[in-house]
Amino acid sequence: MEQPNCPQDATHADPDPAYTSDCQARVAFEVLANRWDSVVVYTLGAAGPMRPRALVARIGGISPKVLNDSLRRLEYNGLVERRTYAEAPPRVDYALTEAGTALLVPMRAMGAWAMRYKDQVLAAQERSEARGRAPGGAADTA
């Protein structure tokens, strides 16, 4: 079976990329689709292995439960590893895997894109909302 036409990297941009449902590139976006997952990956990349309590303090605005859910998702996806230590009291920390570390490069590129285009994106959202055309609304048939 022929693979869908998916871009392999940004240097070989296909003028007509076919992002079909089985495109391999979709995996990268799915593993960070949750609001906090990219923040956790970025924080571990910047600070190195950390205990959950230290991650909550470093990130700010995230509850221990939400952090735990995020860490479990990231571990499930192979981006972080949970390391336990046989100490009293028991100690656990989390570190990026090779795949998690490799994801920092495209995350930084997405951050640069956001810094460059955030004002345009926010302005477009405001225009759409002013016209009553927020996502999930009825499509314009005119």
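The values are calculated or read from the model by the stated rules, or taken from the named source; none is laboratory data. Source: prediction; values computed, not measured. Reconstructed Cβ throughout: ideal geometry from the backbone, glycine too, with neighbour counts over all protein chains shown. Remember, those area values only see protein heavy atoms, side chains included, never the ligands or the DNA or RNA. Shrake-Rupley method; radii C 1.70, N 1.55, O 1.52, S 1.80 Å.
Could you tell me whether V92 is of a type in the set (A, V, I, L, M), at pLDDT below 95, open to solvent by less than 80 Å² (accessible area, probe 1.4 Å) and touching a Lys or Arg at 6+ places or on another chain (Cβ under 9 Å)?
Criteria not met by V92.
Could you give every pair whose Cβ atoms fall below 8 Å, whose first residue belongs to segment 99-110 and is touching a residue at least 12 places away in the same chain (Cβ under 8 Å) and over 15 Å from V80 (Cα atoms), and whose second residue is among the aromatic types (F, W, Y) and surrounded by 14 or more Cβ atoms within 10 Å (Cβ to Cβ), counting only separations of at least 6 or pairs across chains?
M107/Y42
Being hydrophobic (A, V, I, L, M, F, W, C) and under 15 Å from A99 (Cα atoms) narrows it down to one of V41, V66, so name that one.
It is V41.
Which count do you get for residues in segment 63-80 that are within 13 Å of W36 (Cβ to Cβ) and open to solvent by 70 Å² or more (accessible area, probe 1.4 Å)?
4
I'm trying to understand the selection: among the residues of segment 97-109, which are open to solvent by 30 Å² or more (accessible area, probe 1.4 Å) and under 12 Å from Y42 (Cα atoms)?
The answer is T101, A102, V105, P106, M107, R108.
If you scan segment 68-98, which residues turn out to be under 14 Å from the mean Cα position of the chain (by Cα) and either farther than 22 Å from A28 by Cβ or assigned to a strand (DSSP E or B) (or both)?
Passing the criteria: V80, L96.
Starting from residues that are part of a helix (DSSP H, G or I) and touching a helix residue (DSSP H, G or I) at 6+ places or on another chain (Cβ under 7 Å), keep the ones in segment 45-62 and report whichever is least open to solvent (accessible area, probe 1.4 Å).
Applying the filter and picking the extreme gives L55.
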